[in-house]
Amino acid sequence: MELQSVNDEGESPGGQKAGKKRKHEQEEASPIKKLVTDHSEKVASHYNSLQEVGLAARSQSRIFFMRNFNNWLKSVLIGEILEHVRGSGSRRVSVLDLGCGKGGDLLKWRRGGISHLVCADIAAVSVEQCQSRYDDMTRKSHINEKIFSAQFITADCTKEVLSEKLDDPELMFDICSCQFVYHYSFESEQKADMMLRNACERLKPGGFFIGTTPDAFELVKRLEASDSLSFGNEVFKVSFQSKGFYPLFGCQYHFTLEDVVNVPEFLVYFPLFEHMAKRYNMRLVLKQRFSEFFEEKVKKEHHRSLMMKMMALEPFPTEDGGRQATESTGEYCYAKEQCGRAGVKLPVGTLSRSEWEAASIYLVFVFQKMS
């Protein structure tokens, strides 16, 4: 197994000659030279074609609880970062939602009482739906409630400079949030750097760049443990083209998650990500696997309460003879074990094994702009 390392200048050991030799060896090993594709278009096309479904349909989804769990985790992350920003004396909080999708985090920003939001995404249909959600939110808001102002931008944030598209060219952000998106940019160094530039260059000193992304080490570990070029279960599948060699940029895999995701993604080698962020005067404050983040935050009563409210865990056993999310054998072994312990109040909250395996691929990161 080889995951390339970098020196302080961000170059691979051995410099250009070694890189050329490796490239030549790879080309000789593959009789059919792969066509170089720009995957941004595939990503935009996929998310543009996703149908917007109502709450009733979402509640029938096999990954209903996992999606709620991920949403809870983002809520906790966003809430705690907003507390930090307010604690430093910011009254008017401006946020950049980089890769906003259909606006799944709009309510989080509303609850956080921010002043201004800029939403940017590569998928035009998603941006339209995000703006529509925002318009509905403002229409239905209480008379005395002041909803944040917002700008919506359709742009490929791995290629275009966002600051040139802002209505207010002087605007600076307290927070940039990039949820389940940054890994698409690791197709090349240029794209990854442009995404970082868009995330960080307009941050105020002390401002935060926060996000969630797959953990490259976890993905590689599971691939290497597999006897094929893929791994997964009944809700997700990850497929690589090869294993044993993992380039720093452009290390592509295909990720499918039930009916929600079916796109090419790229490994984000985190030490390199951290190194690149230093170019924009950013320092790493937090990096935690979802499992670690959950175990730490669930200790607090208000986070547990929010978890119940957001239905982030599935009740086991179900009450009134209802059905679990899946009938597959072994999906609730851990929950059954907990139920058998003395003093445990039923039902317990859990995720099915398949959903937990999918959710535990990800990590949380927080960078802060140095003053």
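The values are calculated or read from the model by the stated rules, or taken from the named source; none is laboratory data. This is a predicted model, so every value here is computed, not measured. Neighbour counts run over all protein chains shown; Cβ positions are idealised from the backbone, glycine included.
Count of segment 138-174 residues, restricted to those that are outside any loop (DSSP other than H, G, I, E, B), crowded, with 16+ Cβ neighbours inside 10 Å and β-branched (Val, Ile, Thr), is 2.
Of the set (1) among the aromatic types (Phe, Trp, Tyr); (2) surrounded by fewer than 18 Cβ atoms within 10 Å (Cβ to Cβ); (3) in contact with a helix residue (DSSP H, G or I) (Cβ under 7 Å, 6 or more places away or on another chain), all apply to Phe245 but (3). Among the residues of segment 306-329, the ones that are surrounded by 10 or more Cβ atoms within 10 Å (Cβ to Cβ), more than 23 Å from the chain's Cα centre (by Cα) and either without any contact (Cβ under 8 Å) to a residue 40 or more places away in the chain or not in a loop (DSSP other than H, G, I, E, B) (or both) come to 5 in all. Filter segment 175-197 down to residues that are hydroxyl-bearing (Ser, Thr, Tyr) and part of a helix (DSSP H, G or I) and give me whichever is nearest to Gln252 (Cα to Cα). Ranking the qualifying residues of segment 175-197, first place goes to Tyr184. For segment 120-151, residues that are within 20 Å of the chain's Cα centre (by Cα) and either under 15 Å from Asp105 (Cβ atoms) or of a type in the set (Val, Ile, Thr) (or both) total 8.
All conditions in (1) without any contact (Cβ under 8 Å) to a residue 40 or more places away in the chain; (2) in contact with a Phe, Trp or Tyr (Cβ under 7 Å, 6 or more places away or on another chain); (3) part of a helix (DSSP H, G or I) hold for Ser239, with the sole exception of (3).
Mind counting the residues in segment 330-358 that are surrounded by fewer than 19 Cβ atoms within 10 Å (Cβ to Cβ) and in a loop (DSSP other than H, G, I, E, B)? The total comes to 9.
Residue check: is Phe186 surrounded by fewer than 24 Cβ atoms within 10 Å (Cβ to Cβ), in contact (Cβ under 8 Å) with a residue 40 or more places away in the chain, aromatic (Phe, Trp, Tyr) and under 27 Å from Val261 (Cβ atoms)? Step through it out loud before you land on a result.
Details: surrounded by fewer than 24 Cβ atoms within 10 Å (Cβ to Cβ): no; in contact (Cβ under 8 Å) with a residue 40 or more places away in the chain: yes; aromatic (Phe, Trp, Tyr): yes; under 27 Å from Val261 (Cβ atoms): yes.
Considered against the rule, which asks whether it is surrounded by fewer than 24 Cβ atoms within 10 Å (Cβ to Cβ), in contact (Cβ under 8 Å) with a residue 40 or more places away in the chain, aromatic (Phe, Trp, Tyr) and under 27 Å from Val261 (Cβ atoms), Phe186 comes out as no.
crowded, with 16+ Cβ neighbours inside 10 Å and in contact with a Cys (Cβ under 9 Å, 6 or more places away or on another chain), is that true of Tyr269?
On the way: crowded, with 16+ Cβ neighbours inside 10 Å: yes; in contact with a Cys (Cβ under 9 Å, 6 or more places away or on another chain): yes.
In short, yes.
Might you check whether a residue that is modelled with pLDDT under 95, among the small types (Gly, Ala, Ser) and under 23 Å from Leu82 (Cβ atoms) occurs anywhere in segment 120-132? Within segment 120-132, not a single residue is modelled with pLDDT under 95, among the small types (Gly, Ala, Ser) and under 23 Å from Leu82 (Cβ atoms).
Keeping to segment 258-280, report how many residues are outside any helix (DSSP H, G or I) and of a type in the set (A, V, I, L, M). Don't jump to the end; show me each part of the working.
Within segment 258-280, the subset outside any helix (DSSP H, G or I) is 258-269, 279-280.
Filter once more, so that each one left must be of a type in the set (A, V, I, L, M): 260-261, 263, 267-268.
Going through segment 258-280 one residue at a time, the tally reaches 5.
Apart from one condition, Arg279 fits all of (1) within 19 Å of Phe180 (Cβ to Cβ); (2) exposed (fewer than 15 other Cβ atoms within 10 Å of the Cβ); (3) in contact (Cβ under 8 Å) with a residue 60 or more places away in the chain; the exception is (1).
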